[in-house]
1. Take the residues of the range 4-28 that are modelled with pLDDT under 70 and not in a helix (DSSP H, G or I): which is most open to solvent (accessible area, probe 1.4 Å)?
2. Out of everything in the range 125-159 that is over 30 Å from Ala54 (Cβ atoms) and touching a Gly at 6+ places or on another chain (Cβ under 7 Å), what residue ends up being surrounded by the most Cβ atoms within 10 Å (Cβ to Cβ)?
3. I'm trying to understand the selection: among the residues of the range 29-63, which are among the polar types (S, T, N, Q) and either open to solvent by less than 60 Å² (accessible area, probe 1.4 Å) or touching a Leu at 6+ places or on another chain (Cβ under 7 Å) (or both)?
4. So which residues in the range 64-99 are more than 23 Å from Tyr140 (Cβ to Cβ), without any contact (Cβ under 8 Å) to a residue 24 or more places away in the chain and open to solvent by 80 Å² or more (accessible area, probe 1.4 Å), if there are any at all?
5. Within the range 104-124, how many residues are surrounded by 16 or more Cβ atoms within 10 Å (Cβ to Cβ), closer than 19 Å to Cys39 by Cα and within 13 Å of the chain's Cα centre (by Cα)?
Amino acid sequence: MKSIFHALNRLKVFRGLTEQEFAWVLYDVGNSAFTMLSCSLIPIWFKSLAIGTAPGQINSHQATAYYSIAVAVVTVIVALLGPIFGVLADHKDKKKVLFTTAATLGIFGCILNGFITGWLLFLIIFVFTKICYSASLTIYDSMLNDITSEERMDEVSSYGFAWGYIGSCSSPMCLDPIWSACCRIFSLKASASR
């Protein structure tokens with residue numbers, strides 16, 4: 001991380017950020033990318049697992065309904081847990097541990113979903129991942145007060161906002177070739193097994 005920080009800090013666009021501020025900005029890139037993927041690729045991926053005529057699979061309308069219900073469940077759970085996450089984020093001595101735990105669990109859930117073949121388990125892990133993601137964001141937002149001065153807060157926040165947009169826009173472009181290759185590989189395997 002330090003070598004990346006030092007290399008990018010020499011660029012005009014990142015000049016003047018401390019290592020903690022830079023790390024804060026990078027997390028914004030990652031969480032914005034996850035938001036974009038959650039809205040674009042993950043629903044398609046879920047439907048590719050769920051829709052079919054094999055035992056346990058469902059039709060397109062049911063898949064849309066179940067995915068929508070899962071998103072609604074996440075929203076309600078996060079709304080109920082939000083105040084608790086907020087109170088926990090106010091404890092400076094516990095922020096790093098709580099943030100790291102929530103982010104790690106969310107990242108692990110996201111990776112795990114890449115190997116799941118059943119739509120129901122995929123949806124359950126997706127709900128868990130989104131809850132962890134929301135918890136990490138609450139704590140992440142509260143960390144801005146700890147990593148920078150009040151005078152620099154707007155500037156650092158603006159860096160995060162701007163680079164977050166870059167992360168959300170670039171992730172689909174970077175992942176599209178990988179996604180397309182995986183779809184071709186899996187469809188070829190599916191055709192060969194018939």
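The values are calculated or read from the model by the stated rules, or taken from the named source; none is laboratory data. Not measured: the values here are computed from a predicted model. Positions of Cβ are generated from backbone atoms using ideal geometry, with glycine treated the same way; all protein chains shown enter the neighbour counts. The protein model used for the area step is the full one, side chains on, heavy atoms only, and it has no ligands, DNA or RNA in it. Shrake-Rupley method; radii C 1.70, N 1.55, O 1.52, S 1.80 Å.
1. Arg10
2. Out of the qualifying residues, it is Ser136.
3. Across the range 29-63, the qualifying residues are Asn31, Ser32, Thr35, Ser38, Ser40, Ser60.
4. Ile69, the sole residue that qualifies.
5. Of the residues in the range 104-124, 5 are surrounded by 16 or more Cβ atoms within 10 Å (Cβ to Cβ), closer than 19 Å to Cys39 by Cα and within 13 Å of the chain's Cα centre (by Cα).
Here is a yes/no grid of residues against (1) assigned to a helix (DSSP H, G or I); (2) under 18 Å from Thr35 (Cβ atoms); (3) of a type outside the set (Phe, Trp, Tyr); (4) touching a residue at least 60 places away in the same chain (Cβ under 8 Å):
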{"position": "Val127", "(1), (2), (3), (4)": "yes, yes, yes, no"}
{"position": "Lys130", "(1), (2), (3), (4)": "yes, yes, yes, yes"}
{"position": "Leu137", "(1), (2), (3), (4)": "yes, yes, yes, yes"}
{"position": "Tyr140", "(1), (2), (3), (4)": "yes, yes, no, yes"}
{"position": "Ser149", "(1), (2), (3), (4)": "no, no, yes, no"}
{"position": "Gly160", "(1), (2), (3), (4)": "yes, yes, yes, yes"}
{"position": "Gly164", "(1), (2), (3), (4)": "yes, yes, yes, yes"}
